[in-house]
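Structure first, commentary second.
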Amino acid sequence: MAAPSDLAADLRADPPRLHASGSAYWGLAWPALEWLVANVKPGMATLETGAGSSTIVFASAGADHEAVSPFADEHERIREECARRGIDASRLRFHVGSSHEVLPRWEPRPLDLVLVDGAHGFPYPIVDFWHLAPHVKIGGLMLLDDAYMAPVGMLVDHLRTRPSWEVVGPVGYRTVIVKKLADDLPDFDWSGERLGGRMRFDYLPPRERVVASLRHRALSTPTGLAAVAVARRRLGFLFR
Ligand SMILES: C[S@@+](CC[C@H](N)C(=O)[O-])C[C@H]1O[C@@H](n2cnc3c(N)ncnc32)[C@H](O)[C@@H]1O
């Protein structure tokens with residue numbers, strides 16, 4: 001069994017095909033996975049929307065963890081992957097279903113850490129936040145993955161305007177950490193703040209923003225992927 005600190009590296013070296021009926025790996029970005037390895041502690045009360053290698057990390061850390069995603073076969077593969085790696089999955093609970101249906105009837109408990117990485121279409125990340133935010137402890141954290149996507153980006157924009165939440169900052173180029181400072185409700189009126197828009201990376205510092213934007217666009221189009229494959233062969237040092 002890998003020591004917890006090696007787990008992110010192990011998963012990165014050999015990403016398990018947990019998604020899409022066992023044909024794909026749609027894991028959290030590696031820096032966010034490494035952040036989870038370093039920060040999730042035994043006994044923490046945690047929950048994620050979506051499931052995958054992050055779930056394996058939560059289980060490995062000994063968190064009291066719940067994962068919500070629609071596919072029971074995905075959950076089976078995660079349990080099998082835990083068993084294959086000698087990870088105790090006894091504190092792991094899965095909820096089968098879409099988060100917008102599961103979370104309203106979820107039995108709440110105070111949460112130390114939430115990962116929002118389930119459905120990314122509008123308004124699902126916001127719906128996940130809405131149902132879970134009241135149950136995050138004061139001082140607790142949420143990781144919002146894929147913040148460059150408008151439905152997540154608008155949530156980050158909104159939280160910047162809320163005194164009860166602190167946008168702590170990015171981990172890697174896709175994931176944003178936010179911290180709950182107080183219990184409150186959003187204003188009932190919109191006061192003109194910008195919410196969302198096109199694909200944006202403006203939660204990153206300016207230089208990293210440009211690199212992340214170019215890199216992500218290159219990696220998310222067929223032409224970009226082909227160009228990267230060639231460049232990787234010729235200029236491998238740039239990718240290390
Ligand atoms: C990007 S993957 C999550 C990756 C995971 N955090 C990891 O580290 O491997 C997206 C996940 O969202 C799940 N999903 C898709 N639609 C969903 C929905 N409506 N509610 C909850 N989860 C959903 C998928 O089954 C998948 O597990």
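FYI, it's all coordinate maths here, none of it is from the lab. Predicted model only: the values in this text are computed from it and were never measured. Glycine gets a Cβ as well: all are built from the backbone with ideal geometry, and neighbour counts include every protein chain shown.
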For the range 58-123, the fraction of alpha-carbon pairs in successive 5 Å shells from zero, as %: 4, 15, 24, 26, 19, 9, 2, 0
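Let's see if you can work this out: charge +1 on each Lys and Arg Cβ, -1 on each Asp and Glu Cβ, no other charges. What is the dipole magnitude of the chain about its Cα centre, in debye to the nearest 20? Present the calculation step by step, with values, prior to reporting the outcome.
Working: 28 positive and 29 negative charges, 221 e Å.
That gives the chain a dipole magnitude of about 1060 debye.
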Of all DSSP beta bridges in the chain, antiparallel share, percent nearest 5: 35
Radius, Kirkwood style, for the chain when every pair of distinct Cα atoms is counted (Å): 18.7
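Ranked highest first by average number of other Cβ atoms within 10 Å, how do 127-133, 75-81, 180-186 line up?
Details: 127-133: 21.3, 75-81: 18.3, 180-186: 13.0.
Highest to lowest by the protection proxy: 127-133, 75-81, 180-186.
Sort THR223, THR46 by Cβ crowding within 10 Å, fewest neighbours at the top.
Going from sparsest to densest Cβ surroundings: THR223, THR46.
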Karplus-derived 3J(HN,Hα), 6.51/-1.76/1.60, for each residue of the range 170-186, Hz, glycine and proline x: x, 10, x, 9, 10, 10, 10, 9, 10, 10, 8, 9, 6, 8, 6, 10, x
Relative contact order of the chain, defined on C-alpha pairs under 8 angstrom at six or more residues apart (%): 14
